[in-house]
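Working notes, beginning with the structure itself.
The values are calculated or read from the model by the stated rules, or taken from the named source; none is laboratory data. Only a predicted model underlies this, so the values are computations on that prediction, with no experimental measurement involved. The protein model used for the area step is the full one, side chains on, heavy atoms only, and it has no ligands, DNA or RNA in it. Shrake-Rupley method; radii C 1.70, N 1.55, O 1.52, S 1.80 Å.
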Amino acid sequence: MKAIEPNLIKDNFIEIIGKEWMLVSAGDKDKFNMMTASWGGVGFLWNKPVVFVFIRPERYTREFVDEKGCFTLSFLGEEHKAAHKVCGSKSGRDMDKVAATGLTPYFTELGNPCFEESRLTLECKTLYVTKMDKNSFIDPALYEKWYSALAGNLHNVYVAEIVNAWEK
């Protein structure tokens with residue numbers, strides 16, 4: 001992986017987040033977890049390059065993100081959809097996701113987990129967190145579709161500065 005300035009990344013994030021997906025990973029060498037996410041974005045806020053990701057409060061990875069205050073986003077490419085399916089449907093509380101996916105973790109200088117298979121990795125420091133609010137939905141159909149009793153809890157929204165980026 002070679003370091004790259006965030007403003008030099010050429011990927012279309014609408015395309016890669018929506019179709020390729022990403023792994024949100026947090027923790028340290030002793031204990032970490034990762035989860036698949038297909039909602040989020042990248043932009044510029046508070047004069048910083050930022051990401052925003054959505055994590056439901058019941059997700060195990062959220063505990064690591066909250067505790068450490070930072071996380072990585074790993075873009076593995078569509079050839080790793082099977083790994084994404086495991087990381088998006090199984091809990092690290094109940095299984096070893098690294099063993100199940102065959103991914104090869106390594107740790108950044110800041111101690112954050114990422115993966116050798118990643119074609120693009122963003123290392124992020126949390127700047128702002130808020131919980132979505134049912135009363136803030138302008139279109140109630142969105143709330144019903146994504147947060148009804150069958151769908152799951154409202155997401156926490158994380159805005160984080162991109163502090164490092166690497167690509168193959």
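Please report the carbon-and-sulfur percent of the accessible area for the chain; probe 1.4 Å, protein heavy atoms only, DNA, RNA and ligands left out.
Answer for the chain is 52 percent, counting heavy atoms of protein chains only.
Two decimals, Cα atoms only, Kirkwood Rh: what is Rg/Rh over segment 71-168?
Taking Rg over the Kirkwood Rh, I get 1.03.
Using the heavy atoms of the protein chains alone and a 1.4 angstrom probe, what is the accessible area of the chain per residue in square angstrom?
54
Counting residues in segment 40-107 as N, plug N into 2.2 N^0.38 Å and put the Cα Rg over that result.
Output field value: 1.25.
At each listed q (0.22 Å⁻¹), what is the log10 of I(q)/I(0) that the Debye formula gives for segment 121-168 modelled as equal alpha-carbon point scatterers?
Once normalised to I(0) and log-transformed, intensities are -0.78.
Take the chain, connect every pair of alpha-carbon atoms lying under 10 Å apart with a spring to form a Gaussian network, then pick out the residue of Ala149, Ala100, Ala37 with the largest mean-square fluctuation.
Ala149
In Å, what Kirkwood hydrodynamic radius results for the chain from the alpha-carbon pair distances?
This gives a value of 16.2 Å.
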